[in-house]
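Reviewing the structure listed below.
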Amino acid sequence: MEKKIDVIALGELLIDMTNNGVSGQGNSIFEANPGGAPCNVLAMLKRFGHSVGFIGKVGDDMFGRKLKATLEEVGIKTDNLMMDKKVHTTLAFVETFPDGDRDFSFYRNPGADMMLSKDEIDVETIKSTKLFHFGTLSMTHEMPREATLFALEEAKKAGAIITFDPNLREPLWDSLDAAKEQILKGMEYCDYLKISDNEIQWLTGEDDFTAGVHKIREQFNIPLITVSMGKEGSRAYYKPEGKEEIIVEVLPFLSDETIETTGAGDTFCGCVIHYLLEYGIDNLDEAKLSKMLTTANAAASLITRVKGALRVMPQLDAVDALVKTRA
């Protein structure tokens, strides 16, 4: 079947209620930013000129309608965005600390993103994509988990590249054991795994990232694994079947302008996926991996200098200009 779209992502679409100062009465002010990791990734890919679409569900409420309009505004196809008349759009209240790190409080019991069902997955859409992206927020509960796994099976059968960002949000899981079980399930399908430093240490029990990656690869054949290391930069571990492993590390673009880290990992992930679409999962080398990580680190740095993510992904000329400062 002809691959008509570059990337389809499945998962959560929600409102990030981000702390934005204090009122004259001393009350916290929250700004309603469109959010959700899969669509943040798609928004970055749209900056590269890729055709992208989303599978998910929001409430048929003021927030859900705003989210749909936002996706359309940034160029993400919404043919497979369902609107639930009975369940409200999920909200995530985000408190940002002075160092840019965050704490989350989710209003999602249930939220509309949890109501996506297997029979709402359009198989023809899955068959028409070159690459399928997912995370684990659609795997926290039985109904969306069934839908996610069904979509993954169809994507695998259709020969799509499959990319996975576990994006662990501990408050959304009944237990960390349940989270670990579903993350390991996701690894059965993916060709590219984007994982953060704290996630790989928790998942594998290894403080050394290389040891952690090798532990994952003992169980799963994942050609490309990237580890995002915050202020230490990022690392790529590339091992196509039958070839020697290549490890590349690139320093971050640290900035005094950083105000929050929302969307940094998603921006990074979108850049990596762009390179997978450009070169294929089997045609990377040390030079391409280095260029990929440099671009991804630069874009991630730029998104930390603004509030929100989905609507304000960095422009490519700004990314290129930042990359050139290191030349």
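The values are calculated or read from the model by the stated rules, or taken from the named source; none is laboratory data. Remember, predicted model here, so these are calculated numbers, not experimental data. Virtual Cβ from ideal backbone geometry, glycine too; neighbours counted across all protein chains shown.
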Is there a residue in the stretch 7-16 that is among the aliphatic types (A, V, I, L, M), surrounded by fewer than 20 Cβ atoms within 10 Å (Cβ to Cβ) and outside any loop (DSSP other than H, G, I, E, B)? no
Report whether or not Phe48 is buried (at least 18 other Cβ atoms within 10 Å of the Cβ) and either over 20 Å from Gly186 (Cβ atoms) or of a type outside the set (S, T, N, Q) (or both). yes
Scan the stretch 188-215 residue by residue and report those that are in contact with a helix residue (DSSP H, G or I) (Cβ under 8 Å, 6 or more places away or on another chain), hydrophobic (A, V, I, L, M, F, W, C), outside any strand (DSSP E or B) and surrounded by 20 or more Cβ atoms within 10 Å (Cβ to Cβ). Ile200, Leu203, Phe209, Val213
From the option list Ser301, Ser234, Ser228, Ser290, single residue qualifying as polar (S, T, N, Q), under 30 Å from Ala69 (Cβ atoms), out of contact with any Asp or Glu (no Cβ under 6 Å at 6 or more places or on another chain) and modelled with pLDDT of 95 or more is Ser301
For the stretch 56-109, the count of residues that are at pLDDT 95 or above, within 19 Å of Asn167 (Cβ to Cβ) and surrounded by fewer than 17 Cβ atoms within 10 Å (Cβ to Cβ) equals 0
Just one listed residue, out of Thr294, Thr262, is touching a strand residue (DSSP E or B) at 6+ places or on another chain (Cβ under 7 Å), without any contact (Cβ under 8 Å) to a residue 60 or more places away in the chain and either of a type in the set (Val, Ile, Thr) or under 22 Å from Lys324 (Cβ atoms) (or both), and it is Thr294
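Can you tell me which residue among Val319, Val248 is modelled with pLDDT of 95 or more, in contact with a helix residue (DSSP H, G or I) (Cβ under 6 Å, 6 or more places away or on another chain) and within 28 Å of Gly53 (Cα to Cα)?
Val319
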